[in-house]
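A short reminder: the numbers here are calculations on the coordinates, not readings from a lab. Predicted, not measured: the structure shown is a model, and the values here were computed from it. When we count neighbours, we look across all protein chains shown, and the Cβ atoms used for this are built from the backbone with ideal geometry, even at glycine.
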Amino acid sequence: MVPDPDAALLVAFQGGDRSAFRTLFERHGRAMVAFCHRFVRDASRAEELAQDVFLKLHQAAPRYRPTARFRTFLYRIAANHCLNELRRGERAARAEPGRGDAPEELDLLAGSGATPEESARGRALARAVDELLARLPEKQRVAFVLCRFEGMSYEEIAAVLRTTVPAVKSLVHRATVAAAEALAPFAGGEAA
Amino acid sequence: MRHVASDLVALLDGALADEERARVEAHLAGCGPCRAQRDRIAAAIGFLASLPPPADPAPGLEERFQARLAREADRPRGLLSRVPWRIAAPLAAAGAVAAAVAVAVVRERRAEAFAAEHLELFERYELVASIGDVADEDAEVVAHLDELEGRR
């Protein structure tokens, strides 16, 4: 039984339908760039990583069994790839400090139509979240990103990370408590 | 009274079973510090949800990926990469075993050849108990024992 339309597309690709793979990229490519951006904070590197993920998906497609949800399969590849990138990045960051998006890219995070104060606050919030993500242990970071930014349930995250729901609950709890501490200055509106 | 700090994130994420949720909510009704902590966590979750997604990639994302996919497909690949993994994996494992056996055989032959070449020395000096223990440095010593003895 094919559980979701994306799984059906991947099964079609297994059968030789190349356009099915193209459709999968059209559907998930941008979301994957955004996901990868949470790990590297660099737009061009995020796109490169997202492409890597889809190349791996292309290679792994013959091993896919439609008993697993497509999104779980895709994000498992992506999470592993981003974790590896984090490990490589930690080495690179020591050699190349200050890597990350240019200030004008952070400006985009503040949103359009905002007042200068709102823009400044949005940038400060985005920076605080970036710094928080950089401080989190890698598994907490992946679980946190999947939960807070990808909107996954604890069960889905457990399937992606091949772990248990209680383990995910613990990872998400610790990361979110760390977020509450890091973002506390924004609660009173004084941070900018 | 047992505080419920460790359940607050799961409560806000809607990830508690009904019974657990009822227990945590009952505790919150009478515990100011836990309510304050819940509010701090809820505010943080709200801030995170308010963040806009990272900026969209530059136009042409699909085209750039398709071009890279085509480049990767054109790249010359090794024989094993063209073989299905179910066949490639046992082949690779068998290859590794064969290589290990070949290395062991070559080393043994070299040891035998060395022993044959230096049989005279081995017979003359009963210093070497086993040819398996002969390293190159040992052989050097054995080969020059005459000279070393002569210096005494």
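Along the Cα-to-Cβ line of B:Ala67, 7 Å from the Cα, sits a label point; which residues in region A:25-63 have backbone N less than 19 Å from it?
Within reach of a label on B:Ala67, which here means backbone N under 19 Å from a point 7 Å along Cα→Cβ, region A:25-63 contributes A:25-26, A:29-30, A:33, A:43-55.
What FRET efficiency would be calculated for the residue pair A:Ala184, A:Glu138, taking the C-beta separation as r and a Förster radius of 25 Å, to the nearest 0.05?
0.55
Simple spin-label model, 7 Å along Cα-to-Cβ: B:Ser50 to B:Ala36 in nm?
2.2
Taking the Cα centre of region A:1-88 as origin, sum charge times position over the Cβ atoms of Lys and Arg (+1) and Asp and Glu (-1), and report the length of that vector in debye to the nearest 20.
That gives a dipole near 240 debye.
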